[in-house]
Amino acid sequence: YNAVSIADIQGQPRWQGRGPLILGTLSSNLPKKGIEDVVKLAAAAKKEKLDVRFKIFGPLNEKAKRLQNYCKRRRIKTVEFPGYAEDAGQAISQIDVVLNFSHFAESFGRTIAEAGAAGRPAIVYKHGALPEVVEDGVSGVVIPYLEPLKALPAIKRFVEDPDFYFKMGREARLRAENLFSRPVLKQKI
């Protein structure tokens, strides 16, 4: 496994069990990163009247601008495009659950490991290395590839059961410390 600097990432949850739960992604915003799937999930969450918001961090390239316009036309006001984040930890501090809906097989999933280090559970596709980074039902949720709406039950449970969310966040932090920290990598080498 690759490693992340656990000590440099704040491990306290932003969400306190009330108000909107923020779900987000950090990416290059290329089509292969699945940001369109995040917008599909946001539209479905809106229909379900879930108290959630979405942040899609990444460059405001043509794909992101098209999706931003789509959200405006469809009145999906729960999606924000804050632009490129120079510091992943700073972006993760604004998100409660990190999403990775990549359409290509990620070789590691650094952002998901960093999310775990920050005590954030993740929702990822069962594709590539991401299911190795997230322990399904323990440190996050693994959903079928290219089926973003399968994330709705987990999101609903996070909103309705904050203790479940906090427990999963603690498990994500422990998993990051035990598998993806620099001391662990150093010991393995």
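The values are calculated or read from the model by the stated rules, or taken from the named source; none is laboratory data. All values derive from a computational prediction rather than experimental measurement. In this analysis, Cβ positions are derived from the backbone assuming ideal geometry, glycine residues included, and neighbour counts consider all displayed protein chains. All accessible areas refer to the heavy atoms of the entire protein, side chains included, with ligands and DNA or RNA removed. Shrake-Rupley method; radii C 1.70, N 1.55, O 1.52, S 1.80 Å.
Would you check if there is a residue in the range 63-70 being free of Cβ contacts under 8 Å to residues at least 40 places away in the same chain, among the polar types (S, T, N, Q) and touching a strand residue (DSSP E or B) at 6+ places or on another chain (Cβ under 6 Å)? Within the range 63-70, one or more residues are free of Cβ contacts under 8 Å to residues at least 40 places away in the same chain, among the polar types (S, T, N, Q) and touching a strand residue (DSSP E or B) at 6+ places or on another chain (Cβ under 6 Å). Being among the aliphatic types (A, V, I, L, M), in contact with a helix residue (DSSP H, G or I) (Cβ under 6 Å, 6 or more places away or on another chain) and at negative phi holds for only one residue in 129, 117, and it is 117. With the condition kept exactly as written, say whether any residue in the range 84-105 is farther than 17 Å from residue 3 by Cα, at pLDDT below 95, hydroxyl-bearing (Ser, Thr, Tyr) and in a loop (DSSP other than H, G, I, E, B). Yes, the conditions are met somewhere in the range 84-105.
Scanning the range 92-121 for residues that are out of contact with any Phe, Trp or Tyr (no Cβ under 9 Å at 6 or more places or on another chain) and among the hydroxyl-bearing types (Ser, Thr, Tyr) gives 93, 107, 111. Of all residue pairs spaced 6 or more apart or on separate chains, those with beta-carbon atoms under 6 Å, a first member in the range 1-28 that is touching a residue at least 24 places away in the same chain (Cβ under 8 Å) and under 17 Å from residue 169 (Cα atoms) and a second member that is of a type in the set (Phe, Trp, Tyr) and open to solvent by less than 30 Å² (accessible area, probe 1.4 Å) are 4/180; 21/15; 21/158; 23/54. When the range 21-51 is filtered for residues that are over 26 Å from residue 107 (Cα atoms), part of a helix (DSSP H, G or I) and not small (Gly, Ala, Ser), the ones remaining, listed by number, are 46, 47. The conditions of being buried (at least 17 other Cβ atoms within 10 Å of the Cβ), closer than 18 Å to residue 15 by Cα and touching a Lys or Arg at 6+ places or on another chain (Cβ under 8 Å) are not met by residue 122. Restricting the range 9-25 to residues that are out of contact with any Pro (no Cβ under 9 Å at 6 or more places or on another chain) and loosely packed, with under 13 Cβ neighbours inside 10 Å, the residue that is modelled with the highest pLDDT is 19. Taking the criterion of being part of a helix (DSSP H, G or I), open to solvent by 20 Å² or more (accessible area, probe 1.4 Å) and closer than 21 Å to residue 114 by Cα, no residue of the range 140-161 qualifies. Of the residues making up the range 69-81, those that are within 16 Å of residue 46 (Cα to Cα) and surrounded by 13 or more Cβ atoms within 10 Å (Cβ to Cβ) are 70, 71, 74, 76, 78, 79, 80.
If you filter the range 52-83 down to residues that are at positive phi and part of a loop (DSSP other than H, G, I, E, B), you find that the one that is nearest to the chain's Cα centre (by Cα) is 58. Scanning the range 26-56 for residues that are touching a Phe, Trp or Tyr at 6+ places or on another chain (Cβ under 7 Å) and open to solvent by less than 80 Å² (accessible area, probe 1.4 Å) yields a total of 7.
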